[in-house]
Structure formats: C-alpha cells, structure tokens
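What follows is a short report on a single structure.
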Amino acid sequence: MHFIADLHVHSKYSRATSKNLDLETLSYWAQRKGITLVGTGDFTYPAWRAEIRDHLVPAEEGLFRLRPEWACAVAKRLSLAAPDLPTLPTRFQLTVEIATVYKKGDKTRKVHHLICVPGFAEAEKVVTRLEGIGNLHADGRPILGLDSRDLLEITLEAGEGCYLIPAHIWTPWYSMLGSKSGFDSVEACYGDLAGHIFALETGLSSDPAMNWRISSLDRFRLVSHSDAHSANKLGREATLYDTDLDYFSILEALKSGQGFAGTLEFFPDEGKYHLDGHRKCGVRLTPMETRALHGLCPVCGKEVTVGVQNRVEALSDRDPEAIPAGRDPFFSLVPLEEILAELEGVAANSRRVQRALDSALAHLGPELHILRNAPLEDIRRHGSERFAEAIARLRRGEVIRQGGFDGEFGVIRLFRPGERL
C-alpha cells in the first residue's frame with residue numbers, strides 16, 4: 001500500500017500552537033491534504049493523552065483511528081468542502097517531541113527529538129520515567145535537563161518497537177547538528193547508543209541532497225515531517241511509504257529501506273534558517289559572504305545566525321557532483337495555499353485563497369495529489385491556464401527562490417513580477 005505519513009505535529013497543548021488543534025481537526029486536514037498517517041504529538045502531556053485515549057480506538061497494529069462518531073463528524077465536514085476526497089479514515093501513531101537542554105563538553109546543548117511508540121503501555125513507561133526528571137504539565141513539548149543519550153535509553157527501554165528520530169537536525173538553535181548548540185556527529189550526541197539511531201529528520205531548511213554531502217549520514221534513512229503547530233501546515237513535508245499500513249511495517253521500512261518510498265520536501269530555501277543572517281538588521285547572507293565578514297553582521301557588528309546551508313558545508317566531505325547513486329527519491333513542493341496566493345495576488349490566509357483552495361480540492365482531490373499527480377488538463381479545466389502552468393513549473397522544479405534566514409521564512413515564486421500567460 002502506498003501512503004503518506006506526517007509524524008511530527010503538535011497538539012493544542014504545545015506553545016505557539018492553535019488552541020483548536022484537536023484530533024478531529026488533524027483528521028480533517030490530513031484528508032484534505034491526502035495524508036493517511038499522522039502523529040498524535042504531545043503524548044507526554046496528561047490532558048492530551050487523556051483525549052487521545054478517549055477519541056481513538058485501535059486500528060492496524062500499533063496504529064489508531066478516530067472513534068466512529070468522531071470520524072462521522074469529520075466526514076460530514078469534508079462532504080461540504082471537498083466531496084471527492086478519499087474516505088479512508090486517518091490513522092494516528094503515538095508520538096511526542098522532547099526538547100533536551102543540558103551541558104556537555106564546553107557548550108550548552110539544546111536538542112529536539114521525535115519519539116514514536118506502538119501503544120499506550122509503552123507511552124506510559126516513557127511518561128513514568130520522564131516525570132521523575134522534569135515537568136510534563138507545562139508544555140506539550142516538554143523541556144528536560146536530560147542528556148540526549150539518556151533520553152534514547154529511556155525510549156528503548158519502554159518496549160519493543162519504540163524508537164527515537166533526531167528532529168529537524170540542522171536548525172541552528174535546537175537540533176543535533178545545529179550551529180548554535182548541536183554536535184558534529186550522531187555519535188557525539190548519542191554516544192554508545194548511536195547505533196540505535198537509524199533515521200534523521202532533515203527539517204524544512206535542508207533537503208536530502210544537502211545531507212548526501214556528508215558521508216557519515218549515509219547509513220541513516222532521511223525522513224521529513226511538517227513540525228506543524230497549525231492544521232494548515234500539516235503535510236508541508238511528509239514521508240512516503242509503500243508497505244502494509246501498520247506500525248511495525250513502517251519501522252522495518254525505516255530500518256531496511258524496503259518499502260521506504262522517499263519524501264515530500266519544502267524547497268529548502270523557503271525554510272527560515274536556510275541562509276545566514278541577522279533578522280533584526282534585515283541582513284541575509286550566503287555562507288561565502290558570512291566568511292568574508294568573519295561571521296559578523298555588517299550593520300550592528302554582532303554575530304549572525306549561521307544557517308543550515310553554511311552548517312552543511314562546514315561538515316560536508318563531498319562535492320554536490322560526487323553524490324553516490326541509488327539514493328531515496330524526494331519531491332520538492334510549494335504549499336497549494338501559497339501557489340493560489342501568488343496567482344490571486346493576495347495573502348495566503350485571505351478568504352479569496354481559501355475559496356479557491358476549497359474549489360480545487362472539491363474538483364481535483366487532495367492537495368498533495370494536485371501538486372504531484374493530477375493531470376494538467378484537469379487543473380486547466382477546473383482552474384485556469386495560469387494555475388496549470390504554475391503546477392507544471394513546480395513539477396519541473398522551475399521556481400524563483402529567496403532564501404530564509406535567522407527565523408524569517410524564505411519565498412518561493414513560480415512567476416516573475418509582471419509575467420503574463
């Protein structure tokens with residue numbers, strides 16, 4: 001079975017997350033996007049864990065689905081907005097992101113981790129261990145004074161099939177390889193347990209090709225997830241599988257590569273830490289420009305935030321042209337809302353764009369299907385010539401890029417100013 005998974009999401013109990021981001025909303029948006037499997041997020045938070053128990057029932061091994069009454073309510077909402085969407089109920093997998101902040105060597109380390117477990121018994125074991133270390137009631141994504149290696153040990157000891165994926169590994173401030181508080185290798189971060197890490201989440205500001213430049217990462221499966229704090233951001237990155245739809249088949253695909261079908265990616269330039277810079281001063285820099293300035297902002301003289309491209313170059317031991325063949329495929333996409341906003345000449349959250357989005361979903365199917373597979377003739381017939389051309393350019397990778405920096409998202413455009421069809 002071919003399906004799309006987005007396992008790194010957050011609930012309404014995480015900071016900076018929409019307060020209406022409940023399980024029904026996640027299911028509704030997952031089906032609009034064309035995503036089959038979604039992470040619950042935040043299972044260490046007591047109130048959210050109680051909601052998960054109340055709203056979900058077991059589905060395939062290690063996976064869950066909404067109770068019939070909740071699934072029916074979601075289906076009614078979908079029938080109003082987009083009647084042609086698939087009817088397969090969304091599956092959920094128990095997940096949580098944990099932030100660890102601790103001193104190691106000569107630096108304060110700040111690393112984020114995605115933990116996956118196959119059931120509530122394993123989740124409770126993780127919770128029991130972590131409750132003795134820090135406060136799990138303050139945030140859906142808890143911050144713990146715990147070594148990354150020890151968090152991995154707690155995960156592994158929770159039971160068969162429990163695993164940890166280093167989250168958005170290049171983000172400068174909070175990641176395993178980040179320029180501000182990370183390490184230079186998986187081994188340095190996880191020590192004697194590094195062999196139990198088999199997948200890495202590349203994050204919005206990098207794509208697999210950037211990671212391929214570092215030979216020490218060759219043994220890892222490169223996955224992508226949205227890290228969504230709002231429902232419409234679900235699926236901006238995702239992972240493709242061609243396996244049975246169950247927890248342990250997915251786990252085996254991550255370990256062996258059999259059934260792992262690649263990833264859906266942001267263009268990394270759009271990520272908010274792709275380039276170097278200083279947002280306060282409006283300074284965006286390439287790695288070469290940063291080196292010429294000795295890492296200092298040309299406006300205020302303070303250190304710039306070193307972005308992902310620079311950090312990858314610093315750790316790379318391959319030229320882009322020397323990448324070995326046979327790598328997992330990936331497909332770079334632009335969210336449909338952003339494409340429609342460019343076509344309409346208004347903001348992505350405007351009513352005009354939302355009406356256009358609902359119409360596109362109703363006539364053409366889920367968003368990721370439109371972006372990747374819908375026939376251009378159908379897009380032309382139900383949309384416009386300009387809409388079809390935008391999708392055609394996206395599929396060919398013909399985009400105009402303005403890189404993000406220091407927390408400022410980049411911009412990807414499909415048409416030059418003044419260009420007309």
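A short reminder: the numbers here are calculations on the coordinates, not readings from a lab. Keep in mind the model is a prediction, meaning the values are calculated, not measured. Neighbour counts are summed over all protein chains in view; Cβ atoms, including those assigned to glycine, are modelled from backbone coordinates with ideal geometry.
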**Prompt:** Size of the range 150-203 along its principal axes in angstrom, Cα-based, largest extent first?
**Reply:** 33, 21, 15
**Request:** Please work out the Cα center distance from the range 176-247 to the range 343-382, rounded to the nearest Å.
**Result:** 30 Å
**Asked** When Glu69, Glu367, Glu61, Glu51 are ordered from fewest to most other Cβ atoms inside 10 Å of their Cβ, what list results?
**Response** Glu69, Glu61, Glu51, Glu367
**Message:** Suppose the chain between Glu377 and Cys300 were pulled fully straight at 0.36 nm per residue; how much longer would it get relative to their current alpha carbon spacing?
**Reply:** 22.5 nm
**Karplus 3J(HN,Hα) series, Hz, for the range 253-263 with 6.51 cos²θ - 1.76 cosθ + 1.60 (x for Gly, Pro)** = 5, 5, 7, 9, x, 6, x, 7, 10, x, 9
**Message:** Can you give me the orientation-averaged projected area of the convex hull built on the Cα atoms of the range 336-398, in nm²?
**Reply:** 3.7 nm²
**Asked** Where a Cα-Cα gap under 17 Å defines reach, which lysines qualify for Lys12, not counting those fewer than 8 residues away within the same chain?
**Response** Lys233
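Neighbouring Cβ atoms within 10 Å as the yardstick, rank Phe64, Phe248 fewest first.
Phe248, Phe64
Give me the percent of DSSP beta bridges within the chain that run antiparallel, rounded to the nearest 5.
Among the beta bridges of the chain, antiparallel pairing accounts for roughly 70 percent.
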**Asked** Taking a ≥ b ≥ c as the square roots of the eigenvalues of the Cα gyration tensor of the range 220-281, is the shape rounded (a/c under 1.5), prolate (a/b larger than b/c) or oblate?
**Response** prolate
**Fill in**
Going from the fewest other Cβ atoms within 10 Å to the most, one would list Tyr102, Tyr174, Tyr45 as Tyr102, Tyr174, Tyr45
**Centroid-to-centroid separation of the range 125-141 and the range 1-25 [C-alpha atoms, Å]** = 20 Å
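Can you tell me the dipole magnitude for the range 187-267 around its Cα centre, using point charges on the Cβ only (Lys, Arg +1; Asp, Glu -1), in Debye to the nearest 20?
Values: 6 positive and 12 negative charges, 38 e Å.
Charge dipole of the range 187-267: 180 debye, to the nearest 20.
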**Message:** Please state the shape class of the range 178-282: rounded when a/c is under 1.5, otherwise prolate if a/b exceeds b/c and oblate if not, all from the C-alpha gyration tensor.
**Reply:** oblate
**Asked** Using the Cβ atoms and a cut-off under 15 Å, what net charge is assigned to the surroundings of Ile400, where Lys and Arg are +1 and Asp and Glu are -1?
**Response** -2
**Item:** Gyration tensor (alpha-carbon) shape descriptor, the range 2-270, a/c threshold 1.5
**Value:** prolate
**Request:** Calculate for the chain the 222 nm mean residue ellipticity that helices alone would give, adding -39,500 (n - 2.57) per DSSP H run of length 4 or more and normalising by residue count, nearest 500 deg cm²/dmol.
**Result:** -9500 deg cm²/dmol
